[in-house]
Structure formats: structure tokens, C-alpha cells
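Trainee: Pasting a structure here, questions to come.
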């Protein structure tokens, strides 16, 4: 597993999220000033300098749950609000799109060109905000410094790490189905035509050499495809022709996008159960997430009425149907609580819950009184004692429980 994968994963998924939000803002005829504010706020938060510094440190990829929490917070960094069904669909579209791009890269190094395509498009969305444009350019320089000197083998390891992360994801997307690049089972169709990777030749010829390195014989064969030579290599500079189209905005043409979980994905979700044994990696993972989220400040509008709901479904009926068909294991309930009582010494706060008695929260020093805390269960498969392990960070307090079962007692501690 490569320790240089996380920045590429985060930036590309973030780019896809911005494409989708931009398309929905236009589809719902949101006024231009509000739409610009939404995109500017999210991009500014996403490319926060301290956040980027943490992101680019060598580290392992994090779980899908932890990464989903980051994007949930990022999507609500402005005045829009997404309900659970819309957030589920948003994340599905993001992950499937980037999985397709990674899978279709002609060579492993081209995943960097895919990232640059996302950054170029993001700059187009916030072209009227010089300060935010500068944040994106700084991130581009970081990408060039970190990945510019990597070998082909290191890029192959990055690509392999990304594909392992997406391995069990088989969600059907209407755009891919209509373009016939995805099958009905959610798997992608590998092309047998188009340009070959830069620096390689079109298949169909075998050359034979003698001991002196001289070519002595050639044999032609039929490869069964329709390949052509690559016209030129994509530019890795700040401004230039990327050549590769993967990572560009596929929602620029206004068309509805639907997602459906394949049968294999549904079965996998229904069979997946959380282990009741503590996860030895949970502490490191949650501490990292707390550090990352510490640099992402949610901007609250001075006028509460300025907030509005963004729907990723064409109709209310589609949204309700999506919520009903979502596997129960992938759903959660939300309880909002404000922690106000803190005991000096061990940072312990006793919080009364309407449905949970004696929830004890041990707060790390970075959390102050009268601030909100986000709590997300990592391991939940206990019927009598409730939540086994919790995730703590900034934001509104969220207790994710199984439907109809409230946790009796839970504790977190991030020393």
C-alpha cells in the first residue's frame, strides 16, 4: 500500500463532488450569487492551507466511513443542506466516477493528469475569487513537488492502492450505462480501441533480436482491437494541454444522473457486520481525522434564512424511494446534542440524551466548552451495551446507531 495515495484520493473525489453540486445548483435554478457562495465556501475549505499540510504527510488510506465523514462535513461547509438520501447519492457518484477514471488511466502516472484536470475545472468554477484561486495553485505546486519525481513503479503502487480501496464498489450510474462503459452488474467495460499509453507502440508486431542486439526478424499478429498511437503526452505544468479527458466535468451537459446498487453490492452490504472486538487502528485513524477536521471551519451564514436545501433527485418520490431501498446497514440516525458541562482535569462531560442515558464523553484538550462534538460509532454490533467504540472530532454531535436501538453507554478518548 502506498503512503502517497491519500492526497490524490481526496482531491479527485472533491473535484467530482464540486462537479455534481454545480450541476444540481444549475438544475434547481439557484440564484447566481448563492451558487457562487456555495462553491467558493467549499473550495476555500477544501484547499485550506493547514488542511493540505496534514493531507500531504505520508500516511495510509483511511476507512470508507472516516473518509465519508470528511466529505459530509465538507459538503456542508456553506449554506446548502443535504439530507441523508442526497448525501448518499452524492458520495456514490463521486466514488464511482473516480474509480472509473483510475481504471481507465492508460498508464499509472496518468492519475496525476486526472488530478490536474480536476484542479483546472475547479479553478474555472471559482474564477472570480483570486484568493481561492491562489489556494488551488499552491496545492498544484505541492502535487508537483511530491509526485513529480516518483518512478513508474511508485505510481503503479498508488494506482493499485486506489483500486483496492474501490474494489467492492459496483454502483450503476445512468451516465455510464447510457454511454455503454458500464454493465448492468455495475462493472466497467474495458475498451479495446483508442490511443495506447504514451511511450508505447500500437500492438501487432513482434521483433526478434540476436545476441548482438540486431533486429533479425519481425512477426505480425492480429490483436483484435482498434488502437492508435498517442498523439502527445499530457502537460504536467500549471497551464497546459492535459490531452487526457479523464477527470473533466462529465456533468457539463445537463442530464439526470441516477445511481443503483448492483445485486452484488446489496448482498455485500447485507452480509457485512461490524466486529465486536476493538479495532487496534481506530485510535490512530480517529486522531488523524480529528486533526484534519480541526482545520476545516464550517462557515455559518449571518442570516439563517440564507440556507437552502439541495436535492440530488429529480423528484421527491425518487428521493423517498432511494431512502427506502438503501440497505439498513448503510443508514444511520442523527441525534444533535450540545456539550456544555466540562470538568477540569479529565475533560469529562456528562450529557443527558433523550434516548440514551448516562452517555459519558471524554473530551480531548483541543475541544473547548460550549463547542459541538461529532461522535460516530466505529464498532456497533452490541445489543445490550450499545456502541463499543466512538469517533470524536469537531462539528455537531452525531450518534450513529442501528435503527430502533439506542446505545446505553459509550465512551471516547483521544489522548
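Trainee: Between residue 133 and residue 36, what length in nm is gained on full extension when 0.36 nm per residue of separation is reduced by their alpha carbon distance?
Mentor: Details: separation 97, 0.36 × 97 = 34.92 nm, distance 1.36 nm.
That works out to 33.6 nm of additional length.
Trainee: Among 92-101, 141-150, 190-199, 212-221, how do they line up from the highest to the lowest mean number of other beta-carbon atoms within 10 Å? Let's see the in-between values first.
Mentor: Details: 92-101: 22.5, 141-150: 13.9, 190-199: 12.3, 212-221: 8.2.
The peptides rank, most packed first, as 92-101, 141-150, 190-199, 212-221.
Trainee: While we're looking at this one, here's another question. Starting from the Cα of residue 3, step 7 Å along the direction of its Cβ; do the same at residue 229; then give the gap between the two resulting points in nm.
Mentor: In this crude label model, residue 3 to residue 229 measures out at 4.2 nm.
Trainee: If packing is taken as the mean number of other Cβ atoms within 10 Å per residue, what is the order of 50-56, 203-209, 39-45, highest first? If you can, show how the numbers build up before the last one.
Mentor: Working: 50-56: 16.7, 203-209: 11.0, 39-45: 21.4.
Peptide ranking by packing, descending: 39-45, 50-56, 203-209.
Trainee: Let me make sure I get this right: for the range 108-202, a, b and c are the square roots of the gyration tensor eigenvalues over alpha carbons, sorted descending. Under 1.5 in a/c it's rounded, otherwise prolate if a/b > b/c, else oblate. Which is it? The partial results should precede the final answer.
Mentor: Details: a/c = 1.95, a/b = 1.36, b/c = 1.44.
Oblate, because a/c is 1.5 or more while a/b does not exceed b/c.
Trainee: For the range 83-136, what does the alpha-carbon gyration tensor say about shape, rounded, prolate or oblate, given a ≥ b ≥ c as the root eigenvalues, a/c under 1.5 as rounded, and a/b over b/c as prolate?
Mentor: It is oblate, given that a/c is not under 1.5 and a/b is not larger than b/c.
Trainee: I've got another one for you. Of the listed peptides 29-38, 223-232, 74-83, what is their order by residue-averaged count of other C-beta atoms within 10 Å, with the highest listed first? Walk me through the intermediate numbers first.
Mentor: Working: 29-38: 14.2, 223-232: 12.3, 74-83: 20.0.
The peptides rank, most packed first, as 74-83, 29-38, 223-232.
Bear in mind these aren't lab numbers, they're just calculated from the coordinates by the rules spelled out. No experiment lies behind these values; they were computed from the predicted model shown. For neighbour counting, all protein chains shown are included, and Cβ atoms are generated from backbone atoms with ideal geometry for every residue, glycine included.
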